[in-house]
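Inspection log for the structure reproduced underneath, given as structure tokens.
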There are 2 protein chains.
Amino acid sequence: MKKDIGPATAMYPSLTTIVGTVVDGRPNFLAVAHVGIMNHGQPQYISVGINKGHYSPRGIHEHGQFSVNIPSEDLMVETDYVGIVTGKNTDKSQVFKLYAGELPHAPLIKQCPVAMECRLHQVVDFEKHEVFIGEIVKTWADESVLTDKGHVDPAKVRPLLFDMGTVSYYGIGPALGGCWNVGKKLKKG
Amino acid sequence: MKKDIGPATAMYPSLTTIVGTVVDGRPNFLAVAHVGIMNHGQPQYISVGINKGHYSPRGIHEHGQFSVNIPSEDLMVETDYVGIVTGKNTDKSQVFKLYAGELPHAPLIKQCPVAMECRLHQVVDFEKHEVFIGEIVKTWADESVLTDKGHVDPAKVRPLLFDMGTVSYYGIGPALGGCWNVGKKLKKG
């Protein structure tokens, strides 16, 4: 029996990220889980959706650059913290250790095993939110979270997943099967 | 030590969905994990990014409607299957049991514990992909996956997460802590 639960977002859990910007000359960070993957290929585009009331959008509009850092479970408290307090009245530039990449206005977080530097490609405007579509310029990763083939291994990153309904963070579970593979058994002929 | 791994997408794992459309008068389904949450509020918008070579976009363009169904781990094989074979030469209308919602061109999958009916709001065009931004018109859920408060519970849905690097599906792990809560301990004063 299916129940009508209204026009609720059921796209959770989603990946928790920390968006890095430079606002008023200072690095600023915001936890953002309303994110998306736009395409597959090069250039590669991703999206981050941010409420217009936040401080971070100023930096993205001013510099056309931002970073998307992927925290592991170990960084849950700090990640949550930068989603609670606003850069408008709190200096968040000292919460993390930073490192320099290619883009001067896309601050990168050392404690995050993976991070992407993005150049702003397009803004999709909604009433209360802006969706910033960024082109990934460069991705950095700890060697310890890479597979033998050089890909990021989610089991090693242990990312934080976000759910709005239960207002909880979740870890990821075990690998269940191969994509574009396990379904082959249903193919006919 | 951070390693430059090129402009790789590190936004995985992402939620695996099955996008339902009506193409050439027949329900069609495609596994899509390049998805996103655009905003928070009403109207609520989500995105699905689909390669232009696929069959499904025709139905979305023609009818301005599509469904986004959330499969559980139990449906991994069928989900993978509808990502492997194309509606251009395979009838996928019989893979799942369907039910009717409000929109006639957004077919809903009974075996999926949660599903959203979407009206097309905007198309963001990339070279090889289109990102379909849909407004959620109605969301359906099995009562068995809801919390006492009527929210979708990820631990009960047991969604499939997708990772491109390791080409694997993952389950979700345990709840780790409360959002907008665990970070409070870092607040000063």
Hey, for A:Q94 with labels 7 Å out along Cα-Cβ, what do the inter-copy distances come to in nm, ordered shortest first? 6.9
Using a Debye calculation, one point per C-alpha and no hydration shell, please list log10 I(q)/I(0) for chain B at q = 0.17 Å⁻¹ in order. -1.17
Which of A:D4, A:D148 has the fewest other C-beta atoms within 10 Å, and how do the rest follow up to the most? A:D148, A:D4
Stokes-Einstein D (µm²/s) once Rh is taken as the Kirkwood radius of the stretch B:136-189 over alpha-carbon pairs, at 4 °C in 1.567 mPa s: 90
Exposure proxy order (Cβ contacts within 10 Å, fewest to most) of A:T90, B:T79: A:T90, B:T79
For label points placed 7 Å from Cα toward Cβ, what is the shortest-first list of nm distances from A:K110 to its copies? 5.8
Among the aspartates and glutamates, which have Cα under 15 Å from the Cα of A:K156 when same-chain residues fewer than 8 positions away are ignored? A:E73, A:D74, A:D142, A:E143, A:D148, B:D163
Mind jotting down a quarter of the surface of the convex hull over the alpha carbons of the protein assembly as shown, in square nanometres, one decimal? 17.7
For the protein assembly as shown, what is the calculated [θ] at 222 nm in deg cm²/dmol (nearest 500), taking -39500 (n - 2.57) for each run of four or more DSSP H residues and dividing by its residue count? -3000 deg cm²/dmol
Treating only the Cβ atoms of Lys and Arg (+1) and Asp and Glu (-1) as charged, compute the dipole magnitude of the protein assembly as shown about its Cα centre; round to the nearest 20 debye. 260
Between B and A, which B residue has the Cβ nearest their rotation axis, distance in Å? B:G36, 1
Exposed loop sites here are trypsin sites (Lys or Arg not before Pro) in DSSP loop states with at most 13 other C-beta atoms within 10 Å. What is the longest stretch of chain B lacking them? B:1-51
Label spacing, shortest first and in nm, from B:Q122 to its equivalents in the remaining copies (7 angstrom along Cα→Cβ): 0.9
Members of A:K52/B:K138; B:K97/B:K138; A:K88/A:K128; A:K3/B:K52 lying beyond 22 Å, as alpha-carbon distances in this model show: A:K52/B:K138; A:K3/B:K52
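Values quoted throughout were computed directly from the atomic coordinates according to the rules given, and no laboratory measurement underlies them. Keep in mind that this is a model prediction, so the values were computed, not measured. We place every Cβ from the backbone using ideal geometry, glycine too, and count neighbours over all the protein chains shown.
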